[in-house]
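Heads up: the structure comes next, in structure tokens.
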Amino acid sequence: MIIVPVELADRSYDVIVGDGALAEIGSLLPPQSRRAAIVTQSEIGIEIDAGLEQRVFEIGQGESAKTLSTIGDLCSAFAQWGLTRNDVVIGLGGGVVTDVAGFAAASYHRGISVVHAATSLLGQVDAAIGGKTGVNLPEGKNLVGAFWQPAGVVCDTATLATLPEREFRAGLGEIAKYHFLGGGRLDDEQLPERVAACVRIKAEVVASDEREGGRRAILNYGHTLGHALEIEGAFDLRHGEAVAIGVIYAAEVAHRLGRIDAAAVTEHRRVIAEYGLDSELPAGTNTDRVLGLFSRDKKALDDVTMVLDGPNGVETVVGPDPQVLRDALEAMVAQR
């Protein structure tokens, strides 16, 4: 097992990575825990033994389950069972499950402990780590939520063998961004080491900026366009697939702004292609609609804010030239 600490003073916790890591979940439960509410989805098909009294609470499938009504239903079910502050919530599943389970735990009794058992590649390298929880509104993704750090996370890489091929490949879209956040040639590593490397990068960034007041925003590399494509709803795109396209777009914007050279753009395209991901915009992309959605991105404060590569590495850029944003997007539309 590979243990990666997330250093947050009295809220520090460990992420355990490796084949068979689910067997270690009991070691992460807070010592006062008496019962465990396991939040999962029927399609996950994985059972765990928390070593104490437990009950399973299932939520719906996909992004459509990330709603305030789901949180309300879960908290009501917790209350009916009699869950208390001395108990624990376990999020067993992918990014949707850990987002929902974490937000429910943060809200119920104004906060009870949560442990995440991430079973998807996206969840293991991103969603389950860092304490960002939330649900969607019709107006945008993850617009309602809370920062609520887990008591621990297990990333059992053996569970990834059961993922549908497309779900696994979509998770690679999140791994792709880590290549440009200091990960280098992550595609040269074996899967457990690759996952652990991504966790280390995210843990270091989270430790330096827990509540996304500055540097943590770099973890949203590729997400400005990615989220806009997801909000559109007209495209059959997984989150990681949308992020992969967004990474290419961010590289094209950075190149037009003179922040990176053509070779860097080529490396972005190499990584995305290496993971078998599409770098082209979906057919029928409406540039005006997508550009309008940029201002709804949660990074945007006074102006459109993007995360872009540059001479000092990946960083946030406020108010990039709107014409550059349009030109880069229209060029990708024309390329398709």
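Using 1/(1 + (r/R0)^6) with R0 = 56 angstrom and r between the beta carbons of PHE235 and ARG11, what's the FRET efficiency to the nearest 0.05?
Computed FRET efficiency for PHE235 and ARG11: 0.90.
So for ILE175, ILE46, ILE260, fewest C-beta neighbours within 10 Å to most, what's the order? Walk me through the intermediate numbers first.
Values: ILE175 26, ILE46 13, ILE260 22.
Final ranking by Cβ density, sparse to dense: ILE46, ILE260, ILE175.
Would you please put 138-144, 121-127 in order of how densely packed they are, using the mean number of other Cβ atoms within 10 angstrom per residue and starting with the highest?
Result, highest mean Cβ count within 10 Å first: 121-127, 138-144.
Going Cα to Cα from LYS66, which aspartates and glutamates come in below 14 Å? Please leave out same-chain ones fewer than 8 positions away.
Straight-line reach from LYS66, under 14 Å: GLU58, ASP99, GLU139, GLU230.
How large is the convex hull of the C-alpha atoms of segment 150-224 per residue, in Å³?
109 Å³
Among 315-321, 72-78, what's the highest-first ranking by average C-beta atoms within 10 angstrom per residue?
The most tightly packed comes first, giving 72-78, 315-321.
Which percentage, to the nearest 5, of the DSSP beta bridges contained in the chain is antiparallel? Intermediate results must be reported in sequence, preceding the final value.
Numbers: 14 of 38 bridges.
Taking every DSSP beta bridge with both residues in the chain, the antiparallel ones total about 35 percent.
Skipping prolines and chain starts, which residues have an amide H placed within reach, meaning under 5 Å, of the one on VAL114, given they are 5 or more residues away or on another chain?
HN-HN under 5 Å from VAL114: VAL89, ALA151.
In Å and on Cα atoms, what radius of gyration and Dmax does the chain show?
19.4, 59
Residue separation times 0.36 nm, minus the C-alpha to C-alpha distance between ALA334 and THR84: what's the value?
Net length gain for the segment: 84.4 nm.
For segment 213-335, state the semi-axes of the equivalent ellipsoid (square roots of 5 times the eigenvalues of the alpha-carbon gyration tensor), sorted largest first and rounded to whole angstrom. List each step's numbers first, then the result.
Details: eigenvalues 71, 62, 40 Å².
Result for segment 213-335: semi-axes of 19, 18, 14 Å.
Going through segment 1-75, which GluC sites (Glu not before Pro) have at most 13 other Cβ atoms within 10 Å and a DSSP loop state?
GLU7, GLU43, GLU47
Which ³J(HN,Hα) values, rounded to whole Hz and listed in residue order, are derived for segment 303-313 from phi using the Karplus coefficients 6.51, -1.76 and 1.60 in 6.51 cos²θ - 1.76 cosθ + 1.60 with θ = phi - 60°, glycine and proline given as x?
Each residue's phi maps through the Karplus curve to give 7, 4, 10, 10, 9, 10, 6, x, x, 9, x Hz.
Ranked from highest to lowest mean number of other Cβ atoms within 10 Å per residue, what is the order of the peptides 204-214, 84-94? Intermediate results must be reported in sequence, preceding the final value.
Working: 204-214: 14.8, 84-94: 23.6.
Per-residue Cβ counts within 10 Å, averaged per peptide and sorted highest first, yield 84-94, 204-214.
Evaluate the charge dipole of segment 2-163 about its Cα centre and quote only its size in Debye, nearest 20, assuming +1 on the Cβ of each Lys and Arg and -1 on the Cβ of each Asp and Glu.
Values: 9 positive and 17 negative charges, 106 e Å.
Dipole about the Cα centre, nearest 20: 500 debye.
So what's the net charge close to ASP261: Lys and Arg +1, Asp and Glu -1, counting the other residues with Cβ under 13 Å from its Cβ? Intermediate results must be reported in sequence, preceding the final value.
Details: positive: ARG256, ARG259; negative: GLU252, GLU267, ASP309.
Taking every Cβ under 13 Å from that of ASP261, the sum is -1.
Could you tell me which of rounded, prolate or oblate describes segment 2-163, using a ≥ b ≥ c as the square roots of the eigenvalues of the alpha-carbon gyration tensor, with rounded for a/c under 1.5 and, failing that, prolate when a/b is larger than b/c and oblate otherwise?
Judged from the Cα gyration tensor, segment 2-163 comes out rounded (a/c under 1.5).
How much net charge surrounds VAL154 when only the other residues with a Cβ under 12 Å from the Cβ of VAL154 are counted, with Lys and Arg +1 and Asp and Glu -1?
Computed value for this residue: -4.
Could you line up THR157, THR287 from fewest to most neighbouring Cβ atoms inside 10 Å?
THR287, THR157
Along the charge dipole of the chain, which of ALA334, LEU68, PRO311 sits closest to the positive end, that is, farthest toward it, with unit charges on the beta carbon of Lys, Arg, Asp and Glu (+1, +1, -1, -1)?
Towards the positive end, the residue furthest out is LEU68.
Around ASP14, with a cut-off of 13 angstrom between Cβ atoms, what is the net charge of the other residues, counting Lys and Arg +1 and Asp and Glu -1?
Its environment carries a net charge of 0.
No lab work stands behind these numbers, since they all come straight from the coordinates. These figures come from a predicted structure and were not determined experimentally. Please note: Cβ atoms are built from the backbone with ideal geometry, for glycine as well, and neighbour counts cover all protein chains shown.
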